[in-house]
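Q: Can you read through this structure? Questions will come right after.
No lab work stands behind these numbers, since they all come straight from the coordinates. Keep in mind that what you see is a predicted model, and the values were worked out from it rather than measured. FYI the Cβ positions are ideal-geometry reconstructions off the backbone, even for glycines, and counts take in every protein chain you see.
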């Protein structure tokens, strides 16, 4: 059985499968790629041929144009695909809709490239599946023991309570356009919030796609058609950058909220001028990460982007070999 | 403690200054005595816990977490209290709410031995938010976006008083400030301050430029040198003397050669310096005297302290602050002559007949110990705080040098998790004739928040090596560094040290090899 590091290598273009002759989430344009999910730092334009889940392909087309990837091979969760002697399958990563862990098996040696992931339930996507393997490649966005994401229902309750306390103000929530925004909406609906939710244009587009893919989000409205008065006491969701932009001046005395795992840290809240921090993350927290590196039972853990040092240290204390892949080009601020 | 920890949480999420004042007022309204007074003490840095040491907290957390994970977390979070509050194991779900006053009383009663267990047991009983508040009250240095000044403004607004009334009383008051609250709520007369040796808030100056000066009438102003020392006031009651820094810290212990030899009744304002044979030594020399609890005889001889006075707040028991500057300085001159001390002299006036002339005088002054000029309105009363208009500081133009970023470290507080502390260097020849970079200084300020984000990104992309929390970066980014002076120092590899270096401009355009050389900096000494 070949050792994982002999057939899977880090290159300037990204992670490369040598016998398969394809890249995983390449950061530059390549002939063949497997893409784990639709976030812009993982799904880049211009590749010749791409294998990804049908949802990820839809997202890429919507964001970058229908012809962004010349040939696409939609692969549903759990299905197998053989390519240049490498068995490929995609399993849910629980990060955003269509997000996948890539399971690669070559001559009996199995590597799981998990992309970005979380373990907890999310009404907008399939839950993470543990796959035992010989090498597990993990992210480390929140790999510090200070990051312990609370239950998302308590965070939504905080939002609803603030809404009740401040009927005269608009709650402007900064949330990443793909995944986070839809999850916040779905959680609000689950908590019984029935009013229309107002959206920034960038988020509207993604929500339409989610609905098309079968995720119910209730009544959604575009902010650009609403007038100031109608937004009082309502929820508006916008990409985080827009909440600090001129764009947000259209609201009277808004309460700036931010849905992100970073909101665990007080100074991050202050740096961003956030009034209502909502600790809702699409990445695994410390407990989920450490649970995962143990449960996959892999003798080798490779850590990609984030706070790899701490996760490697943890793995080593558990007798698991771990090393940093020092991958660059993946943005952590998207969370 | 719940109400107090909620106050801290809410202050953190309230970017607007007025919003924060409102939160404080709400807290004063709802909370009882003496809890609210203790909260004021914590927020203004007035709570004294003799056994509270950061090392205790570090020992407690080391016993409960992996050392390496703790260090990495602390480096990332940038605040010890917050790191510990998040890392502390949740031993039980039944959290109790403790009373703030009881918590403080227990901490004050604890001795060095019991303190450790008391803190540990308390942390076990409370949730993350209260743990943060509790640790902050133990360690001080809150960094929660509330200055002592803001608390005083809130107190003034709460009691419908002038902020200056609060400032005037402040240093005579003691936590938990029940007499203060009674007065603010119109239940009692103002607290009576018996202590004659209390600190009096100082009058501060605003910076000014030459252009702005041109709009002012030079006849209205007197000019003095701005000495590069430490602003201080000397307070005497005829028997004893106290020396206070600008912020009200009693620094008399470090300067027995001033406080022990001066006997007078009143309050004078001046600059603390090291002076040898009439010549003001560089600020560096004064620094050697600071913070010493018991300065040795040798130190006192080698670094003789001097107090150069420029204003008088009280003469005997007479409050002079409403009098004009000229009147006060006349009294002060008499006082200096009468006291006839070698350690005390009068900051004399500079004669000039127009701004151009004064500007030329300012440009010629390159002596150590002169930072620039002070301009004070002749008829200005002594107003505590930093009123706009009567007093100006006209600093000498800074020196600048192009330096190369060498190391970066994450900041604390508002800048936590950003690489905001920079060590930079200049080129010099090595013995084998190859150029090398050697550190010449360290700076944390001078850039905007946007620039901070850009530099942070650059540091992350150009990391070369790690030494604990310090990142060595590739040679490539040039800063134009401004500084007030440069002097020889054996502490640094380059053999020199800068006074108050700050980032003046970021030279994204400048190639690193074009940065300045150590030799050219040495010429500025």
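Q: Binning at 10 Å from 0, report for the stretch B:1-156 what percent of all alpha-carbon pair distances ends up in each bin.
A: 10, 41, 36, 13, 1
Q: Same structure again: Any idea what Rg and Dmax come out to for chain A if you just take the C-alpha atoms, in Å?
A: Cα radius of gyration and Dmax of chain A are 20.2, 67 Å respectively.
Q: Consider a paramagnetic label point 7 Å from the Cα of residue B:508 along Cα→Cβ; state which residues of the stretch B:463-487 have an amide N under 17 Å from it.
A: The answer is B:476-480.
Q: Moving on. Could you bin all the Cα-Cα distances of the protein assembly as shown into 20 Å bins starting at 0 and give me the percent of pairs in each, rounded to whole numbers?
A: Reading upward from the zero bin: 12, 37, 35, 14, 2.
Q: Mind checking the mean number of beta-carbon atoms from other chains within 10 Å of the Cβ atoms in B:64-75? Mind dumping the intermediate values first?
A: Working: counts 0, 1, 5, 0, 6, 11, 3, 2, 9, 7, 2, 3.
Across B:64-75, the average partner-chain Cβ count within 10 Å equals 4.
Q: For peptide A:260-272, compute the average count of partner chain beta-carbon atoms within 10 Å of each residue's beta-carbon. Mind showing how you got there, number by number?
A: Working: counts 0, 0, 1, 1, 4, 9, 17, 15, 4, 4, 11, 9, 1.
Per-residue shielding by partner chains comes out at 6.
Q: Which percentage, to the nearest 5, of the DSSP beta bridges contained in chain A is antiparallel?
A: Numbers: 22 of 60 bridges.
In chain A, approximately 35 percent of DSSP beta bridges are antiparallel ones.
Q: Taking only Cα atoms of the stretch A:152-278, what ratio of Rg to Rh do you get with Rh as the Kirkwood inverse-distance radius? Could the numbers behind the result be given before it?
A: Numbers: Rg = 13.4 Å, Rh = 14.5 Å.
In the stretch A:152-278, Rg relative to Rh is 0.93.
Q: With a cut-off of 8 Å between alpha carbons and a minimum separation of six or more residues, what is the relative contact order of the stretch B:328-453 in percent?
A: Relative contact order, the stretch B:328-453: 13 percent.
Q: Using the alpha-carbon atoms, what tilt in degrees (0 to 90, nearest 10) does helix A:308-317 show relative to the longest principal axis of chain A?
A: On a 0 to 90 degree scale, this one is about 60.
Q: Against the globular-protein guess of 2.2 N^0.38 Å, express the Cα radius of gyration of the stretch B:309-408 as a ratio, rounded to two decimals.
A: 1.40
Q: Using Cβ contacts closer than 10 Å as the measure, can you line up B:334, A:42 from fewest to most?
A: B:334, A:42
Q: May I pose another question? Going by average Cβ density within 10 Å per residue, which order do the peptides B:135-147, A:171-183 take, highest to lowest?
A: On the way: B:135-147: 19.7, A:171-183: 26.0.
Listed from highest to lowest mean packing, they are A:171-183, B:135-147.
Q: Moving on. Find the Cα radius of gyration of the stretch B:206-395, compare it with 2.2 N^0.38 Å by division, and give the number to two decimals. Before the final figure, lay out each step's value.
A: Values: Rg = 16.7 Å, N = 190, 2.2 N^0.38 = 16.2 Å.
Dividing the Cα radius of gyration by 2.2 N^0.38 Å gives 1.03.
Q: Explain nothing, just the number: relative contact order of the stretch B:1-101, from Cα pairs under 8 Å at least 6 residues apart, as a whole percent.
A: Values: 40 pairs, mean separation 36.8, N = 101.
Averaging sequence separation for qualifying contacts and normalising by length gives 36 percent for the stretch B:1-101.
Q: Something else about it: Using a simple spin-label model with points 7 Å from Cα along the Cα→Cβ vector, what separation in nm is obtained for residue B:108 and residue B:316?
A: Inter-label distance under the simple model: 3.8 nm.
Q: Also, quick follow-up: Give me the one-decimal Kirkwood hydrodynamic radius in Å for the stretch A:71-130, with the sum taken over alpha-carbon pairs. Don't skip to the answer; put the middle values down first.
A: Values: mean 1/r = 0.0833 Å⁻¹.
Hydrodynamic radius (Kirkwood, Cα pairs) of the stretch A:71-130 is 12.0 Å.
Q: Please build a GNM for chain A, connecting alpha carbons under 10 Å apart, and tell me which residue among A:94, A:192, A:273 fluctuates the most.
A: In this elastic network of chain A, the residue with the biggest mean-square fluctuation among A:94, A:192, A:273 is A:192.
Q: Which ordering of A:68, A:36 is given by a fewest-first count of other beta-carbon atoms within 10 Å?
A: Details: A:68 18, A:36 25.
Fewest to most other Cβ atoms nearby, the residues stand as A:68, A:36.
Q: Given chain B, what percent of its DSSP beta bridges are antiparallel, to the nearest 5?
A: On the way: 76 of 84 bridges.
If we restrict to bridges inside chain B, about 90 percent are antiparallel.
Q: Between helix A:54-64 and chain A, what is the angle of the helix's C-alpha long axis to the longest principal axis, kept within 0 to 90° and rounded to the nearest 10?
A: 60 degrees
Q: Could you list B:347, B:359 in order of exposure, starting from the residue whose Cβ has the fewest other Cβ atoms within 10 Å?
A: B:359, B:347
Q: If each DSSP helix of 4+ residues adds -39,500 (n - 2.57) and the sum is divided by the residues in the protein assembly as shown, what number results at 222 nm, nearest 500 deg cm²/dmol? Don't jump to the answer; show the numbers that get you there.
A: On the way: 29 runs with 269 residues, N = 860.
Mean residue ellipticity at 222 nm (helix-derived): -9000 deg cm²/dmol.
Q: Kindly state, to the nearest 0.05, the FRET efficiency for residue A:73 paired with residue A:3, given R0 = 25 Å and r defined as their beta-carbon distance. Please list the in-between numbers first.
A: Working: r = 28 Å, r/R0 = 1.11.
The formula returns an efficiency of 0.35 here.
Q: Mind jotting down the distance between the C-alpha centroids of the stretch B:454-495 and the stretch A:255-316, whole Å?
A: Centre-to-centre distance over Cα atoms comes out at 29 Å.
Q: Follow-up. Using r as the Cβ-Cβ distance of residue B:448 and residue B:397, and R0 as 25 Å, what FRET efficiency do you calculate, to the nearest 0.05?
A: Values: r = 21 Å, r/R0 = 0.85.
Efficiency computed from Cβ-Cβ geometry: 0.75.
Q: Under 14 Å from the 7 Å Cα→Cβ point of residue B:64, by amide nitrogen: which residues of the stretch B:126-148?
A: B:126-136
Q: Hey, another quick one. Report, as a whole number in µm² per second, the diffusion coefficient that Stokes-Einstein gives for the stretch B:433-525 at 10 °C and 1.306 mPa s using the Kirkwood radius over alpha carbon pairs. Present the calculation step by step, with values, prior to reporting the outcome.
A: On the way: Rh = 14.5 Å.
Taking Rh from Cα pairs, D becomes 109 µm²/s.
Q: Relative contact order of chain A: what whole-number percent is it, with Cα pairs under 8 angstrom and at least 6 residues apart?
A: Working: 742 pairs, mean separation 54.8, N = 335.
Reported relative contact order: 16 percent.
Q: Jot down the per residue volume, in cubic angstrom and as a whole number, of the convex hull over the alpha-carbon atoms of the stretch B:163-272. Kindly include the intermediate steps, with their values, before the conclusion.
A: Details: hull volume 18.1 nm³, N = 110.
Per-residue hull volume (Cα only) is 165 Å³.
Q: Next up: Give the distance, in whole Å, between the Cα centre of the stretch A:121-199 and the Cα centre of the stretch B:86-158.
A: Using only Cα atoms to place each centre, the spacing works out to 31 Å.
Q: So what does log10 I(q)/I(0) come out to for chain B at q = 0.06, 0.08, 0.11 Å⁻¹, using the Debye formula with one equal point on every Cα and no solvent?
A: -0.36, -0.66, -1.25
Q: Less than 11 Å from a label point 7 Å out along the Cα-to-Cβ axis of residue B:48: which backbone N atoms in the stretch B:235-263 qualify, by residue?
A: The answer is B:250, whose backbone nitrogens lie closer than 11 Å to the label point.
Q: While we're here: Counting DSSP beta bridges with both partners in the stretch A:1-105, what percentage is antiparallel, nearest 5? Intermediate results must be reported in sequence, preceding the final value.
A: Working: 17 of 27 bridges.
Once the DSSP bridges in the stretch A:1-105 are tallied, antiparallel ones form about 65 percent.
Q: Identify which of A:16, A:81, A:198 has the largest mean-square fluctuation in a Gaussian network model of chain A, with springs joining Cα atoms closer than 10 Å.
A: A:81
Q: With r defined as the distance between the Cβ atoms of residue B:524 and residue B:149 and R0 fixed at 45 Å, what FRET efficiency is calculated, to the nearest 0.05?
A: Values: r = 36 Å, r/R0 = 0.81.
Taking R0 as 45 Å, the efficiency between residue B:524 and residue B:149 is 0.80.
Q: State, to one decimal in nm, how far the label point of residue B:55 lies from the label point of residue B:330, with both points 7 Å from Cα in the Cβ direction.
A: Result for the modelled spin labels: 5.7 nm.
Q: What does the structure give for B:412-424 when I average, per residue, the other chain Cβ atoms found within 10 Å of the residue Cβ? Can you show the working numbers first?
A: Numbers: counts 1, 4, 3, 2, 6, 5, 2, 0, 0, 0, 0, 0, 0.
Rounded to a whole number, the mean comes out at 2.
Q: Still on this structure: Using 5 Å bins from zero, what percent of all Cα-Cα pairs in the stretch A:1-110 falls into each bin?
A: Final binned percentages: 2, 13, 25, 25, 21, 10, 3, 1, 0.
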